[in-house]
Amino acid sequence: MGLHLNENAGDELVENHEINVTPFIDVMLVLLIIFMVAAPLATVDIKIDLPASTSKPVPRPEKPLFLSVKTDKSLYLGDDKVSREQIGQILDAKTQGKKDTTIFFQADKGVDYADLMDVMNALRGAGYLKVGLVGLETVGKK
């Protein structure tokens, strides 16, 4: 307990110098739950079957922009569906006109090469020349 009562000491109480860590533990558990709930919300939820790559992974930037192409040739910037005509305008709005921003480009395995090049040409036409291709990691496979 926090106090030791001595019947013979009268009205004087002896101080106990122990730290009460119960409120600290409660705050840590609440923060843990908040981060467990918020972490899945910070990812892109477009389901794409990515091809594998043997290159070493590069660290991700703080707020990456993902441009995704699904098998039905639909384009997504993050979780938002966009058309090829809107790519430049929407990227300018998301990057505040910074053309040196890296755009992470991912496409399903079933997408034709010609469709990929059309999207790459639209990015180049909009002035975005830094494009990072996203693939699955195959560490140790040859």
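A short reminder: the numbers here are calculations on the coordinates, not readings from a lab. Please read all numbers here as calculations on a predicted model, not as lab measurements. Here Cβ is always computed from backbone atoms with ideal geometry, including for glycine, and neighbour counts include all displayed protein chains.
Over the C-alpha trace of segment 48-122, radius of gyration and Dmax come out as 12.7, 34 angstrom. Seen from Leu129, the other residues with C-beta closer than 10 Å to its C-beta sum to a net charge of +2, counting Lys and Arg as +1 and Asp and Glu as -1.
Place a point 7 Å from Cα of Asp49 in the direction of its Cβ. Which residues in segment 76-99 have their backbone N less than 12 Å from it? Counting backbone N atoms under 12 Å from the label point, the list is empty. Divide the volume of the convex hull around the Cα atoms of the chain by the residue count and you get 207 Å³ per residue. Against the chain, whose longest principal axis comes from its Cα atoms, helix 22-38 is set at around 10 degrees. Estimated from helical segments only, the mean residue ellipticity of the chain at 222 nm is -8500 deg cm²/dmol, where each DSSP H run of four or more residues counts as -39500 (n - 2.57).
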